[in-house]
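So the structure is just underneath, and the comments pick up after that.
The values are calculated or read from the model by the stated rules, or taken from the named source; none is laboratory data. As the structure is a prediction and not an experimental result, all values here were calculated from the model. Neighbour counts run over all protein chains shown; Cβ positions are idealised from the backbone, glycine included.
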Amino acid sequence: MTHPPADLLFTGGPIMTMDAARTWASSLAVRDGRIVAVGHDEVKDLIGPRTEIVDLRGRLLLPGFQDAHIHAVMGGVELGQCDLTGTTTQQEYVRRVRTYADAHPGKGWIIGSGWSMESFEGGVPRRDLLDTVVPDRPVYLTNRDHHGAWVNTRALELAGITATTPDPADGRIERDADGSPIGMLQEGAMTLVGALLPAVTPQERLDGLLRAQRLLHSLGITAWQDALVAGSDGYPDVSDAYLTAARDGLLTATVVGALWWARGRGSEQIDDLLERRDRLTTGRLRSGTVKIMQDGVAENFTAAMTGPYLDACGCATDNSGISFIDPAALKEYAAALDALGFQMHFHALGDRAVREALDAVQAARTANGQRDTRPHLAHLQVVHPDDIPRFRTLGATANIQPLWAAHEPQMDELTIPFLDPERVTWQYPFGDLLRAGVTLAAGSDWPVSSPDPLKGIHVAVNRIVPGHEAKPFLPEQALDLTAALAAYTAGAAYVNHLDDTGSLRPGNRADLVVLNRNPFEGPADAIADTHVALTYVDGTRVHTAPDA
């Protein structure tokens, strides 16, 4: 029987399939956007007069990378604002703010993001620095994890924030000894100023999405889960950008949109979520996930822990973080969402938040039985050892952000000194989760950190930030290269319910990435030197590196 020729054929290099039936191959054929054959020389029988042949030249071919937790529109919009990423010096922050303000004299607000908490004593910047360069216009700059905002005096004045302004229940205004606000707003307090920001226009959101999509394709990413598509609680609603792109054929990636669970509301919001799920599912966009933010972050002591944070002297405080949603209510909400077929995507950073999220998944399983809703818990900075096997038992995926699992100032200066020593050893337990049989999916949380999967894979394997000279952070929790790649391919595809992606087997979509080299052939500490040469979505090339 003669088969029609392939449209596209890859040969001449290693092909890692992520398919247990055939782990490695050397040739792969594509027809009509789908993989039709994987193997060796026999696949070349599908070469026809119009077949495009891609010579891998020893480079590694993989399934397209997927990001299981990202904020693509937010990241794309911020690329066009005052960008403070890529540096940790106060002088450079101030220079960039001045340069941006001078270049945009007509902007009523100076808005940006990307500064690091490690740049300031205690992770807390002061308004005075901003006042020196922009005294007459309000400034609002979120830090790289987007759980805090640095503002100037003018912004505080416009918001009416004074020494007598009470802290909101879900946040904190950082203050001087006399109660005066110093210019740093934590968590829910961000909205006191954030609510005054000029609205981002629909065109700016669409431009941001397309800007992000180009960047992500250049990094080999063919699909992602946006962890905050339709937001509230001070977070933006970016769903219109996705809807427009999906309807107009501008969306080349496949996107799973996570709908925000408003923590100030209860189960009455479920009808709204059902309406959004239907409205925001079209073309390459599906929105059947609900994002539940259960706690904050460790650096500002809002991640929910099972024990108290320590003070600067190493003594226990009366603070163990914030559970944004009452744990008993969370169980009720989880059961209701699961019964309606929603996937739950939990932000769970501290070990108490992880336990509360797992308890909620267990409540859903008890109420509804084992359903294919694929709940996942993201971030997992601190996980109590007793809870690690529960992921597998409950069918919950560990959604990991590998770039954070390394020694760097934010870890060494703002986290480790304030955690109980035993709890320090429970951080980012990727190895223990894998050994327990837990499914791992990987994401970046961009723009919180780099969206480059290869940098994340480097840290997952080495537990060291690329280019940094440091000892590995809890090296017993490292992954091998195969497991790390699987988390960014098959694991993320599983979380995204994209079962015809994530592995290279006949019938699957031809979402593919070609690296410029085979990282298995070099030392582990050179993984981050690898970059993407070619990216394909449904067999169509969406990125070509200059040296490809």
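Residues of region 284-320 that are part of a strand (DSSP E or B) and under 26 Å from the mean Cα position of the chain (by Cα): Leu285, Arg286, Ser287, Gly288, Thr289, Val290, Lys291, Ile292, Met293. None of Gly350, Gly321 is in contact (Cβ under 8 Å) with a residue 12 or more places away in the chain and touching a Phe, Trp or Tyr at 6+ places or on another chain (Cβ under 8 Å) except Gly321. Scan region 302-321 for residues that are under 20 Å from His379 (Cα atoms) and at pLDDT below 95 and the total you get is 1. Check whether at least one residue in region 447-466 is among the hydroxyl-bearing types (Ser, Thr, Tyr) and surrounded by 22 or more Cβ atoms within 10 Å (Cβ to Cβ), and report yes or no. Among the residues of region 447-466, not one is among the hydroxyl-bearing types (Ser, Thr, Tyr) and surrounded by 22 or more Cβ atoms within 10 Å (Cβ to Cβ), which makes the answer no.
Please work out which residue is farthest from Gly350 (Cα to Cα), limiting yourself to region 419-437 and to residues that are touching a Phe, Trp or Tyr at 6+ places or on another chain (Cβ under 9 Å) and crowded, with 21+ Cβ neighbours inside 10 Å. Only one residue fits best here, namely Leu433. Can you confirm whether Phe120 is aromatic (Phe, Trp, Tyr) and at pLDDT 95 or above? In short, no.
Number of residues in region 8-65 that are closer than 12 Å to Gly539 by Cα, touching a residue at least 40 places away in the same chain (Cβ under 8 Å) and in contact with a helix residue (DSSP H, G or I) (Cβ under 6 Å, 6 or more places away or on another chain): the value is 1.
Residue-by-condition table, conditions (1) under 25 Å from Gly341 (Cα atoms); (2) free of Cβ contacts under 8 Å to residues at least 24 places away in the same chain:
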| position | (1), (2) |
| --- | --- |
| Asn462 | no, no |
| Gly467 | no, no |
| Ala470 | no, no |
| Pro475 | no, yes |
| Ala478 | no, no |
| Leu481 | no, no |
| Tyr488 | yes, no |
| Tyr494 | yes, no |
| Arg505 | no, no |
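The residues listed here are Ala526, Ala492; of these, the one that is more than 17 Å from Gly13 (Cα to Cα), in a helix (DSSP H, G or I) and in contact with a strand residue (DSSP E or B) (Cβ under 8 Å, 6 or more places away or on another chain) is Ala492. The set of residues in region 191-223 being at pLDDT below 95 and touching a Gly at 6+ places or on another chain (Cβ under 6 Å) consists of Thr191, Gly194.
Of the candidates Thr306, Thr252, the single residue that is farther than 30 Å from Val514 by Cβ and not aliphatic (A, V, I, L, M) is Thr306.
Look at region 530-545: where a residue is assigned to a loop (DSSP other than H, G, I, E, B) and a partner is basic (Lys, Arg) and buried (at least 19 other Cβ atoms within 10 Å of the Cβ), sitting 6+ places away or on another chain with Cβ atoms under 6 Å, you get Asp538/Arg509. Screening Leu216, Leu251, Leu259, Leu243 for residues that are under 26 Å from Pro375 (Cα atoms) and either of a type in the set (Asp, Glu) or assigned to a loop (DSSP other than H, G, I, E, B) (or both) leaves exactly one candidate, Leu251.
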